[in-house]
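*Asks:* Can you read through this structure? Questions will come right after.
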Amino acid sequence: MKIQFDREKCQGHGRCYALVPSLFECDDEGYAVVNELGELDVAQVHGARLAADNCPEFAITVE
Amino acid sequence: MNRDQHADVSTDFDHTSPAWVADPFPIWDELRGTCPVAHSDRYGGVWLPTRHADVSAIANDTEHFTSRSVVVTNHRPPMELAPQGIAPPISSDPPYHQDARRMLLPAFSPQNIDKLVPSTRAYCRELLGAMQDRDVFDAAAEYAQHIPVRVIANMLGLPEADGDVFRGFVHDVLEGVARPLEERIETFLALLAYLQGHIDDHVANPRDDMISFLLEAEIDGTRLDHFQVARTVGLLLIAGIDTTWSAIGASLWHLAKTPTDRERLVADPSMIPTAVEEFLRAYAPVTMARLVREDFEFQGCPMKAEEWILLSFPAANRDPEVFDRPDEVLIDRQPNRHAAFGLGIHRCAGSHLARMEIRVALEEFLKAFPSFELADPDPDAVSWSAGQVRGPRVLPIKVGA
């Protein structure tokens, strides 16, 4: 499983990096940056789904 | 006009009517089920989408909908104001919008907002300290409203003591929507004149605040002129005060009437950030607006150029298609994909500031007063603001109950 992050859809709401700071950070303007991890372990999949399910712009998917 | 709102709500709604102001939720729920994109002839024509999908589609469609004005009134601002609009970047369309917004975003990034936590906490404690000896006080007027006024005044570089001046302007702009155009222009000019005095002072004496930052800022290699600076500062004042005041007040209103939620947050303050997201969803204070650019059919609705869209993020947040049990306030709701700060390119630039203020305001209030309730069970004892920013303006609280 990997995180798919659509930078074009991200509007900087910041739900992902507030909820799952181990997987997401914010840049200087408040937009999300994904920590490049490649394949996720079980705990990371849980965190990634939490971020995906809370993103108001549907910018994050886990596949 | 004294009509029954519920009798003809799908053809004649008015977001400033007493029924809407007191309790808009049944109106939106009814419309979502029967007429999800409703129309009213008021204000020269206004459409109201109540489904999340439609609100999102319009918020993301800058081709057919312009942000030239975002406050529904009987008047339309002049076309010549485009592409900046009256208060950039909220009133700007692409491509100008992006540059005007990116200039502001770093100041409102989570990293920079974190630096304001200690001073915000200190204001909250000072306000609460002044109420320690009282059994009953107005949590909206005496607590919630002062927090964003002081935070934004310091951030911008305006005197804290001018709080009443700002609040007067903000009230006139947001709630005086039915007043004649001449009066609205007069208010706006008075606000600009007030700000111009402070801009002149910052030109002579630069300091570390938002006004000095904007005076140095450039878009496409060109400095902003003072008129642009004044309009952007005006936006930050208007956008930063009533909105956050409303969110803090609505959260306290909920906790005053819901002892189990209050007790949970007192027992475990680490739940407050999750609860704040739910208060933002359930009591989202801000409805935005757009203007239809040209005649356009949306979801079978024949929209005419220059008609308004009331872009109700609060109604979207109650859509059962997106939220389970949308009418229940679940302070540990997860997931919570709410749209309280808007959707698309105009996402509230101050959202990280607002969240911080709401969280700190609740943390400090619950520490100072772990036990409180509504002072008067009569719903009319609490009054709510009219227009596109909704929150309690009179909120009598009895503490130590």
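The values are calculated or read from the model by the stated rules, or taken from the named source; none is laboratory data. As the structure is a computational prediction, the values presented were derived from the model and not from experiment. No Cβ is skipped: glycine too gets one built from the backbone with ideal geometry, and neighbour counts run over all protein chains shown.
*Asks:* Write out, first by first residue and then by second, each pair whose Cβ atoms fall under 7 Å of each other, whose residues are 6+ apart or on separate chains, and whose first residue, in segment B:275-301, is in a strand (DSSP E or B) while the second is of a type in the set (Lys, Arg).
*Replies:* Note: pairs meeting the criteria are B:291/B:68; B:291/B:76; B:292/B:304.
*Asks:* With the checklist (1) out of contact with any Cys (no Cβ under 8 Å at 6 or more places or on another chain); (2) within 19 Å of residue B:322 (Cα to Cα); (3) of a type in the set (A, V, I, L, M, F, W, C) in hand, flag the one item residue A:60 doesn't pass.
*Replies:* Unmet for residue A:60, out of (1) out of contact with any Cys (no Cβ under 8 Å at 6 or more places or on another chain); (2) within 19 Å of residue B:322 (Cα to Cα); (3) of a type in the set (A, V, I, L, M, F, W, C): (1).
*Asks:* Then there is this: Counting only residues that are surrounded by fewer than 16 Cβ atoms within 10 Å (Cβ to Cβ), without any contact (Cβ under 8 Å) to a residue 60 or more places away in the chain and part of a loop (DSSP other than H, G, I, E, B), how many does segment B:29-76 have?
*Replies:* Residues that pass the stated criteria total 2.
*Asks:* Considering segment A:20-38 alone, what residues qualify as being facing chain B (nearest Cβ under 9 Å), out of contact with any Leu (no Cβ under 7 Å at 6 or more places or on another chain) and in a loop (DSSP other than H, G, I, E, B)?
*Replies:* A:27, A:28, A:31
*Asks:* Output the residue which, of all residues in segment B:98-146 that are more than 30 Å from residue B:228 (Cβ to Cβ) and either acidic (Asp, Glu) or within 14 Å of chain A (Cβ to nearest Cβ) (or both), is surrounded by the most Cβ atoms within 10 Å (Cβ to Cβ).
*Replies:* B:138
*Asks:* Among the residues that make up segment B:302-319, is at least one of them within 14 Å of another protein chain (Cβ to nearest Cβ), surrounded by fewer than 16 Cβ atoms within 10 Å (Cβ to Cβ) and either modelled with pLDDT of 95 or more or in contact with a Cys (Cβ under 6 Å, 6 or more places away or on another chain) (or both)?
*Replies:* Among the residues of segment B:302-319, not one is within 14 Å of another protein chain (Cβ to nearest Cβ), surrounded by fewer than 16 Cβ atoms within 10 Å (Cβ to Cβ) and either modelled with pLDDT of 95 or more or in contact with a Cys (Cβ under 6 Å, 6 or more places away or on another chain) (or both), which makes the answer no.
*Asks:* Answer yes if at least one residue in segment B:231-254 is away from chain A (no Cβ under 14 Å), surrounded by fewer than 18 Cβ atoms within 10 Å (Cβ to Cβ) and outside any loop (DSSP other than H, G, I, E, B), and no otherwise.
*Replies:* no
*Asks:* Among the residues of segment B:321-377, how many are assigned to a helix (DSSP H, G or I), aliphatic (A, V, I, L, M) and within 13 Å of another protein chain (Cβ to nearest Cβ)?
*Replies:* 4
One line per residue, one yes/no per condition, for (1) touching a Lys or Arg at 6+ places or on another chain (Cβ under 9 Å); (2) touching a residue at least 12 places away in the same chain (Cβ under 8 Å); (3) within 11 Å of another protein chain (Cβ to nearest Cβ):
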position: A:11; (1), (2), (3): yes, yes, yes
position: A:18; (1), (2), (3): yes, no, yes
position: A:40; (1), (2), (3): yes, yes, no
position: A:47; (1), (2), (3): no, yes, no
position: A:55; (1), (2), (3): yes, yes, yes
